[in-house]
Amino acid sequence: MGKSLNGSGQDLHDNPKGRDRRNWAGISAALFYGSMSVASVFLNKAIFEVWRYRYPASLVAGQTVFTVLAIFTLSRFGVIKLGKFNMDHFKRVFTVSAVFQLKLVLDMSALVLVNIPMYGILKSSTTPFVMLLDYVLRKRVPAMRIQAAVWVTTVGGLVAGFGDLHFEPLGYVLALSSAACTACYVVLVGKLGDELQLDSFTLLLYNSLWSTPLSFGITILTGEVTGVMNYPHVSEVAFLAAFTMSCASAFVLNYATYLCTQLNDALTTSVVGRTKSVVQGVAGLFAFSVSWGMTNVIGLTLNSVGICWYAWERYAEKRRGTRLENVRRGIGALNENFLTRNESQLTLSPKKQMNGFGLHRHPTRASESGSSSMASMNGHGGGG
């Protein structure tokens with residue numbers, strides 16, 4: 001992509017005012033992504049805790065329907081670009097969608113029973129599950145420093161669980177099952193993304209098209225249809241507004257992830273995605289009347305330290321890799337982001353040129369788009 005020039009032929013990217021605007025836009029996008037990542041969990045929890053809505057499968061169905069409608073609407077107005085529909089690719093996404101749907105239902109069911117800090121801690125066990133799968137399937141062993149960070153996170157989770165004053169065995173089983181399911185999903189999507197080279201929104205569309213009938217099927221099989229029809233607040237405007245906001249949050253989180261990657265670099269998005277868990281855990285201690293003791297706080301602190309350490313190790317590792325890649329291939333152009341796998345996260349990786357959301361980025365920064373966490377599709381859309 002060529003340089004952006006003003007009337008006098010000056011490179012706008014070299015203009016101090018242009019750089020300031022770009023920097024502020026990047027900061028705003030990062031804050032938007034981080035805040036939406038946290039807000040989606042609290043919105044879902046509010047539905048279950050404040051409104052006493054106990055039908056998680058129906059909420060997942062609402063989220064998938066909203067996502068399909070949002071993708072088609074934004075594509076129609078040219079805000080996002082979708083790849084040409086490919087029936088063979090669509091069929092191959094089915095297995096991933098089934099695992100994704102199970103993950104979301106487990107996510108929501110766990111969030112009904114577990115408070116937000118413990119929910120985040122239990123969901124952080126996705127990383128050791130992925131490490132285990134990597135060892136079993138590919139004989140891959142991460143660096144010792146990354147292993148140490150993961151073990152600190154895990155030990156923190158065990159300590160926090162031991163001191164949990166609201167211990168709910170079923171909730172713990174559901175959350176850990178969701179983490180294991182998320183690990184399987186990450187591995188499957190990473191493999192599929194590498195093979196099919198599907199851009200993030202096309203894959204999200206295929207996933208949601210399969211997930212919509214699956215989610216309605218689960219809603220029927222679990223008997224939630226009767227419960228929803230008899231729910232006392234089902235016709236109240238305030239509840240419907242809260243329900244709609246919760247349904248919208250999953251897609252908005254995906255949009256925020258993509259926007260953060262386009263305006264900053266993918267590594268920024270990845271680090272924000274990790275560190276938001278700390279903010280979520282601390283804020284969750286003071287929300288929805290959570291009772292906590294010193295053991296719980298110590299465990300949460302250890303877990304948070306492990307998360308930050310892991311984020312730093314991944315940051316340092318990626319920076320080293322980015323410098324080597326830039327030396328090898330030179331500086332690239334603005335790229336379309338495709339889902340690939342990066343350790344325990346789904347990532348956005350550059351494959352071919354595009355203009356994204358019509359947003360222009362400096363060419364030297366485009367080459368940094370190595371990876372970013374796909375929040376909603378990596379477990380956050382369901383609540384964390």
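The table below gives the values:
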{"item": "Some residue of the stretch 46-54 being assigned to a helix (DSSP H, G or I), crowded, with 18+ Cβ neighbours inside 10 Å, under 18 Å from the mean Cα position of the chain (by Cα) and not basic (K, R)", "result": "no"}
{"item": "Checking G223 against (1) touching a Phe, Trp or Tyr at 6+ places or on another chain (Cβ under 8 Å); (2) at positive phi, the condition it does not meet", "result": "(1)"}
{"item": "Helices (runs of 4 or more DSSP H) (entirely within the stretch 159-266) containing at least 2 residues that are within 21 Å of F288 (Cβ to Cβ) and modelled with pLDDT of 90 or more", "result": "169-196, 237-263"}
{"item": "Test: residue in the stretch 120-129 that is under 24 Å from F243 (Cα atoms), within 16 Å of the chain's Cα centre (by Cα) and buried (at least 21 other Cβ atoms within 10 Å of the Cβ)", "result": "yes"}
{"item": "Lone qualifier among F100, F85, F90, F72 - being outside any helix (DSSP H, G or I) and either of a type in the set (F, W, Y) or closer than 25 Å to F216 by Cα (or both)", "result": "F85"}
{"item": "Subset of the stretch 198-244 that is surrounded by fewer than 13 Cβ atoms within 10 Å (Cβ to Cβ), of a type in the set (G, A, S) and within 20 Å of N44 (Cβ to Cβ) - its residue that is farthest from the chain's Cα centre (by Cα)", "result": "A238"}
{"item": "Selected residue (criterion: farthest from the chain's Cα centre (by Cα)) from residues of the stretch 79-110 that are buried (at least 18 other Cβ atoms within 10 Å of the Cβ), farther than 16 Å from F201 by Cα and not hydrophobic (A, V, I, L, M, F, W, C)", "result": "S109"}
{"item": "Residue check, L113 in contact with a Gly (Cβ under 9 Å, 6 or more places away or on another chain), more than 29 Å from L203 (Cβ to Cβ) and at pLDDT below 90", "result": "no"}
{"item": "Matching residues in the stretch 55-69 - criterion: being buried (at least 18 other Cβ atoms within 10 Å of the Cβ) and either free of Cβ contacts under 8 Å to residues at least 24 places away in the same chain or part of a loop (DSSP other than H, G, I, E, B) (or both)", "result": "Y55"}
{"item": "Within the stretch 121-149, considering residues that are basic (K, R) and part of a loop (DSSP other than H, G, I, E, B), the one nearest to S304 (Cα to Cα)", "result": "R140"}
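The values are calculated or read from the model by the stated rules, or taken from the named source; none is laboratory data. Treat the numbers as computed from the prediction; the structure is a model and nothing was measured. For neighbour counting, all protein chains shown are included, and Cβ atoms are generated from backbone atoms with ideal geometry for every residue, glycine included.
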